[in-house]
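I have a structure here, written as structure tokens, and I will follow up with some questions on it.
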Amino acid sequence: MIDGKKTIYWHVDAAKPDPEIIRETGAIIRRGGLVAFPTETVYGLGASALDDGAVADIFRAKGRPQDNPLIVHLADLDRVWGLVVDVPPAALALMEKFWPGPLTVILKDGGVVAPRVRAGLDTVALRMPDHPVALALIRAAGVPVAAPSANLSGRPSPTTAEHVKADLDGRIDALLDGGPAGLGVESTVLDLSGGIPILLRPGGITPGQIKSVAGEIILDPSLESGGPVSGRPRSPGMKYRHYAPSAPLVLLEGSPAGMIKEIRLLIEEAVIRGDRVGVICREENAALYPGAVVVPAGMADNPAGVAAELYGALRRMDLLGVDLILAEGVEPLGMGLAVVNRLRRAAVKIVNIGAARE
Ligand code: TXA
Ligand code: MG
């Protein structure tokens, strides 16, 4: 039923979308259909969060594991109270400060959203995206909108409508093309269902920003290790290897000079093996890797620029058909924390240059 749909494409002005198109796509969501749309982070795949059948279609279209819950997108802060058991003061302060924006808050679920949205948890994730198209669509739908990133499960999140089309054409009802998403990595996910705020996924709102409003924050232990975690993670999405391109990705971390030297050695080894090797690096280093297919992503002094280009670079590597991807790491500061988190989870191997080379 999912495959073989005719996906309708609409181009919209990101700042001022055509009200007629928004009315029509809002109605598709209200009727139980699937609509992909731009947000300020990545493209989302939206369905009515009140319609369990529509939510089931999201999981089917993406091939998403059933135990990975979805974020519910709202256009008005007033809607929060109708969806949760209560709103702790710290949560309200954070929402007032950072909404609309790339912060998802996890609160105790009030039993209103469709069960599949929560994937069996007793909490619900809420976010208000900072994008005129997303906000207009949610308002037109008249319902809270459950929306994961609009990619096939396990693929890098889409930062352009072309990325969405490559993954989901024929599997969804409509796609609103509002140009490139801004930040390029998904929202910060913060668990506020207990006492102290727990960072589950780093994103556009940094730990420092959260601390300045909530007073405290702790990092989920899975963030320290970075790679796929075992046991029962607090955020089910974190146990899956994610954001993965087709070729294995090796992440290099350490001093810039050490990283560059090691990548050059690994290229030489790969070339001798006859492998086609790709390198994702900072723009200023692009000329340092002869013998490799180089895809630059941002400058070293601007982690936000790296974030904006990272997923596009991973998808580009797939199109280039490389056998191996070598990626330069970034400093885990500010937006760099989100970039490091995504790179680590895309990696099959992390090489720390601090360690001596055998
Ligand atoms: O920026 C974003 O957040 C994008 C745009 C489209 O809004 N959405 C997005 O959704 O990244 P998705 O489904 O790709 O990631 C949602 C993450 C997953 O890691 C999921 O496990 C976690 O949020 N999550 C959702 N509900 C949760 C809950 N109740 N408790 C813990 N984690 C939850
Ligand atoms: Mg996702």
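The values are calculated or read from the model by the stated rules, or taken from the named source; none is laboratory data. This is a predicted model, so every value here is computed, not measured. Positions of Cβ are generated from backbone atoms using ideal geometry, with glycine treated the same way; all protein chains shown enter the neighbour counts. Only protein heavy atoms, including side chains, enter the accessible area calculation; ligands, DNA and RNA are left aside. Shrake-Rupley method; radii C 1.70, N 1.55, O 1.52, S 1.80 Å.
Got a sec? Which of Leu343, Leu319, Leu326 is in a helix (DSSP H, G or I) and farther than 17 Å from Glu186 by Cβ?
Working: Leu343 fails: farther than 17 Å from Glu186 by Cβ; Leu326 fails: in a helix (DSSP H, G or I).
Result: Leu319 is the single residue among Leu343, Leu319, Leu326 that is in a helix (DSSP H, G or I) and farther than 17 Å from Glu186 by Cβ.
Can you tell me which residues in the stretch 106-151 are hydroxyl-bearing (Ser, Thr, Tyr) and within 16 Å of ligand 2 (Cβ to nearest atom)?
If the condition is that a residue be hydroxyl-bearing (Ser, Thr, Tyr) and within 16 Å of ligand 2 (Cβ to nearest atom), then Ser149 is the only one that fits.
Mind listing whichever residues of the stretch 84-100 are open to solvent by 50 Å² or more (accessible area, probe 1.4 Å), closer than 14 Å to Ser187 by Cα and either out of contact with any helix residue (DSSP H, G or I) (no Cβ under 7 Å at 6 or more places or on another chain) or aliphatic (A, V, I, L, M) (or both)?
none
Here is a follow-up. For the condition in the same structural domain as Pro148 (by TED's automatic domain parsing), within 17 Å of the chain's Cα centre (by Cα) and either closer than 19 Å to Ala141 by Cα or more than 9 Å from ligand 1 (Cβ to nearest atom) (or both), what is the one hit in Gly111, Gly101?
On the way: Gly111 fails: within 17 Å of the chain's Cα centre (by Cα).
Of Gly111, Gly101, the one residue that is in the same structural domain as Pro148 (by TED's automatic domain parsing), within 17 Å of the chain's Cα centre (by Cα) and either closer than 19 Å to Ala141 by Cα or more than 9 Å from ligand 1 (Cβ to nearest atom) (or both) is Gly101.
List pairs: first in the stretch 163-181 and open to solvent by 10 Å² or more (accessible area, probe 1.4 Å), second part of a strand (DSSP E or B), Cβ under 6 Å, 6+ apart or cross-chain?
Listed pairs, sorted by first residue: Asp177/His11.
Turning to a different aspect of this structure: Being closer than 13 Å to Val145 by Cβ, part of a loop (DSSP other than H, G, I, E, B) and of a type in the set (A, V, I, L, M, F, W, C) narrows it down to one residue among Ala75, Ala54, Ala47; which is it?
Details: Ala54 fails: part of a loop (DSSP other than H, G, I, E, B); Ala47 fails: part of a loop (DSSP other than H, G, I, E, B).
The unique qualifying residue is Ala75.
Residues being open to solvent by less than 20 Å² (accessible area, probe 1.4 Å) and in contact (Cβ under 8 Å) with a residue 60 or more places away in the chain: count how many of those fall in the stretch 335-352.
Final tally of qualifying residues: 9.
Go through the stretch 263-285 residue by residue and tally those that are under 14 Å from Ala347 (Cβ atoms) and open to solvent by 20 Å² or more (accessible area, probe 1.4 Å).
1
Just give me the residues in the stretch 321-335 being at pLDDT below 95 and on the phi < 0 side of the Ramachandran plot, in sequence order.
Across the stretch 321-335, the qualifying residues are Glu331, Pro332, Leu333, Met335.
Under the condition of being crowded, with 17+ Cβ neighbours inside 10 Å and at positive phi, which residue from the stretch 210-253 is modelled with the lowest pLDDT?
Gly226
Separate question: Within the stretch 194-203, count every residue that is part of a loop (DSSP other than H, G, I, E, B) and either among the acidic types (Asp, Glu) or more than 8 Å from ligand 1 (Cβ to nearest atom) (or both).
5
Could you list, in sequence order, the residues of the stretch 140-149 that are more than 11 Å from ligand 1 (Cβ to nearest atom) and either in a loop (DSSP other than H, G, I, E, B) or under 19 Å from Gly101 (Cβ atoms) (or both)?
Gly142, Val143, Pro144
May I pose another question? If you check Val105, Val143, which single one turns out to be on the phi < 0 side of the Ramachandran plot, open to solvent by 20 Å² or more (accessible area, probe 1.4 Å) and in contact with a strand residue (DSSP E or B) (Cβ under 6 Å, 6 or more places away or on another chain)?
Val143
Touching a helix residue (DSSP H, G or I) at 6+ places or on another chain (Cβ under 9 Å) and in a loop (DSSP other than H, G, I, E, B): does that describe Gly312?
Against the criterion (touching a helix residue (DSSP H, G or I) at 6+ places or on another chain (Cβ under 9 Å) and in a loop (DSSP other than H, G, I, E, B)), Gly312 does not qualify.
Could you tell me which residue of the stretch 118-134 is farthest from ligand 1 (Cβ to nearest atom), considering only residues that are open to solvent by 30 Å² or more (accessible area, probe 1.4 Å) and outside any loop (DSSP other than H, G, I, E, B)?
Pro132
If you don't mind, there's one more thing I want to ask. Of all residues in the stretch 320-334, how many are under 10 Å from Arg282 (Cβ atoms) and open to solvent by 10 Å² or more (accessible area, probe 1.4 Å)? Break it down stepwise before answering.
Step one: of the stretch 320-334, the residues under 10 Å from Arg282 (Cβ atoms) are 328, 330.
Applying the additional criterion that residues be open to solvent by 10 Å² or more (accessible area, probe 1.4 Å) yields 330.
The qualifying residues number 1.
Moving to a separate point now. Can you name the condition, by its number, that Leu152 falls short on among (1) within 26 Å of Gly63 (Cβ to Cβ); (2) of a type in the set (A, V, I, L, M); (3) outside any loop (DSSP other than H, G, I, E, B)?
Of everything listed in (1) within 26 Å of Gly63 (Cβ to Cβ); (2) of a type in the set (A, V, I, L, M); (3) outside any loop (DSSP other than H, G, I, E, B), Leu152 misses just condition (3).
Another question, then. In this structure, is Ala347 at pLDDT below 95, under 18 Å from the mean Cα position of the chain (by Cα) and farther than 26 Å from Gln209 by Cα?
yes
From Met299, Met317, grab the single residue that is open to solvent by 40 Å² or more (accessible area, probe 1.4 Å), modelled with pLDDT of 95 or more and closer than 24 Å to Tyr43 by Cα.
On inspection, the qualifying residue turns out to be Met299.
Among the basic types (Lys, Arg), in a loop (DSSP other than H, G, I, E, B) and within 14 Å of ligand 2 (Cβ to nearest atom) - does that describe any residue in the stretch 170-188?
no
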